[in-house]
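Report on one structure; see the data block that follows.
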Amino acid sequence: MVTGSHEHEGVHYLLILAHGGSFQIPAWMFDPAASSIEIVAAPRLSATKTR
């Protein structure tokens with residue numbers, strides 16, 4: 001259950017109550033586009049600036 005939201009250092013977080021605890025999860029993780037993120041064996045960082 002989402003109980004609130006806040007922003008910290010330019011990142012929007014959702015506050016979630018679940019499984020007896022509270023969690024703050026970056027809002028981008030709930031965006032439908034996040035489902036297209038590929039999991040890879042070796043981490044990669046984008047060389048382009050997004051902001």
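The values are calculated or read from the model by the stated rules, or taken from the named source; none is laboratory data. Keep in mind that what you see is a predicted model, and the values were worked out from it rather than measured. Because the Cβ atoms are built from the backbone with ideal geometry, glycine has one as well, and the counts that use them run over all protein chains shown.
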### Query
How many residues does the chain hold that are surrounded by 10 or more Cβ atoms within 10 Å (Cβ to Cβ), in contact with a Leu (Cβ under 9 Å, 6 or more places away or on another chain) and of a type in the set (A, V, I, L, M, F, W, C)?
6
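Residue check: is Ile37 among the hydrophobic types (A, V, I, L, M, F, W, C) and at pLDDT 90 or above? Full working, then the answer.
Working: among the hydrophobic types (A, V, I, L, M, F, W, C): yes; at pLDDT 90 or above: no.
So Ile37 does not fit the description; no.
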